[in-house]
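The values are calculated or read from the model by the stated rules, or taken from the named source; none is laboratory data. For clarity, every value in this text was computed on a predicted model and none was experimentally measured. We place every Cβ from the backbone using ideal geometry, glycine too, and count neighbours over all the protein chains shown. Quick note on the areas: whole protein, heavy atoms, side chains included, nothing else; ligands and nucleic acids left out. Shrake-Rupley method; radii C 1.70, N 1.55, O 1.52, S 1.80 Å.
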Amino acid sequence: MSANIKPLVAGNWKMNGLKAALSEFTKMSEGVTQDVSAKVDTMICPPATLIFPMVELAQNGSISVGAQDCHMAEKGAHTGCLSAQMLADAGASAIIVGHSERRADQGETDDMVRAKAEAAWSVGATAIICVGETEAERKAGEAVKVVAGQLAGSVPDGANATNTVIAYEPVWAIGTGLTPTAEDVADMHSAIRAKLVDRFGEAANQVRILYGGSVKPSNAAELMAVENVNGALVGGASLKAEDFLGILAAYK
């Protein structure tokens, strides 16, 4: 954790969740009491089909709702795509951009991620910008170099603690059950913080840097206690209320 930064735990449901899954979200909302909300901000980023109904269920404000991606254009001939404006109109207050699965599966470049972050900003949404190295890059000793390059290329000028969250997710840890050591996480988050401060000045000390990659109730307390870890971007463990609330328990 970092002093004076309220942590954020955000769940990325990925391509999971039908209307029936809204019952899990209701359980999460009920579990995020005022005491919990005082200590940690919470968010769920469901498939786009569930953003509006989830926002309707979240009227008590205990959990905010985000989106998983956006197109960089405001509108146009982009069949099957959703603009940041559309997602904000549905109620999304944040948009994940540059997730490693999109970088790999859809060939997204740093330039594209930066444009998507700017699109999120343009509608008042927070951009959750993802960075992370592959297993081969870590074994080659290039993890920090790779992540630094992604930060330089993916984070737009003008990033601050209000419009931007950085999510570090080592690609080899996503959905595998593997996690880096607390020391590895501390080293990477320290490097990310230093790069942000070098570029944006002392104000970047307030930007939240989340850790993601097989975060679960059993390891959340250790990971969330690491210096410069200001919360988590959670995948599979955010699909069930019991697991998600178990991760939030790290902040009791």
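Asn60 meets the conditions (1) outside any loop (DSSP other than H, G, I, E, B); (2) modelled with pLDDT under 95 in every case but one. The failed one is (1). Each residue in region 70-100 was checked for being closer than 30 Å to Glu137 by Cα, touching a Cys at 6+ places or on another chain (Cβ under 6 Å) and crowded, with 23+ Cβ neighbours inside 10 Å, and 4 of them qualify.
Look at region 90-102: where a residue is in contact (Cβ under 8 Å) with a residue 40 or more places away in the chain and within 17 Å of Leu57 (Cβ to Cβ) and a partner is open to solvent by 10 Å² or more (accessible area, probe 1.4 Å) and of a type in the set (Phe, Trp, Tyr), sitting 6+ places away or on another chain with Cβ atoms under 8 Å, you get Ala90/Phe52; Gly91/Phe52.
Within region 1-27, the set of residues being in a helix (DSSP H, G or I) and in contact with a strand residue (DSSP E or B) (Cβ under 7 Å, 6 or more places away or on another chain) comprises just one member, Phe25. Restricting to region 101-146, what's the tally of residues that are within 24 Å of Leu178 (Cα to Cα), among the basic types (Lys, Arg) and buried (at least 19 other Cβ atoms within 10 Å of the Cβ)? Of the residues in region 101-146, 2 are within 24 Å of Leu178 (Cα to Cα), among the basic types (Lys, Arg) and buried (at least 19 other Cβ atoms within 10 Å of the Cβ).
For region 2-21, filtering for residues that are open to solvent by less than 30 Å² (accessible area, probe 1.4 Å) and more than 20 Å from the chain's Cα centre (by Cα) leaves 1. With respect to the conditions (1) of a type in the set (Gly, Ala, Ser); (2) within 22 Å of Phe25 (Cα to Cα); (3) at pLDDT 95 or above; (4) surrounded by 15 or more Cβ atoms within 10 Å (Cβ to Cβ), Ser218 lacks only one, and its number is (4). If you check Thr181, Thr176 for being over 25 Å from Thr33 (Cα atoms), surrounded by fewer than 19 Cβ atoms within 10 Å (Cβ to Cβ) and in contact (Cβ under 8 Å) with a residue 12 or more places away in the chain, only one passes: Thr176. Take the residues in region 221-244 that are surrounded by fewer than 18 Cβ atoms within 10 Å (Cβ to Cβ) and not basic (Lys, Arg), then tell me which one is farthest from Thr179 (Cα to Cα). Restricting to residues being surrounded by fewer than 18 Cβ atoms within 10 Å (Cβ to Cβ) and not basic (Lys, Arg), the top hit is Glu242. As a summary of the residue check, Ile44 satisfies the conditions (1) of a type outside the set (Asp, Glu); (2) open to solvent by less than 10 Å² (accessible area, probe 1.4 Å); (3) in contact (Cβ under 8 Å) with a residue 60 or more places away in the chain; (4) assigned to a helix (DSSP H, G or I) except for the one numbered (4).
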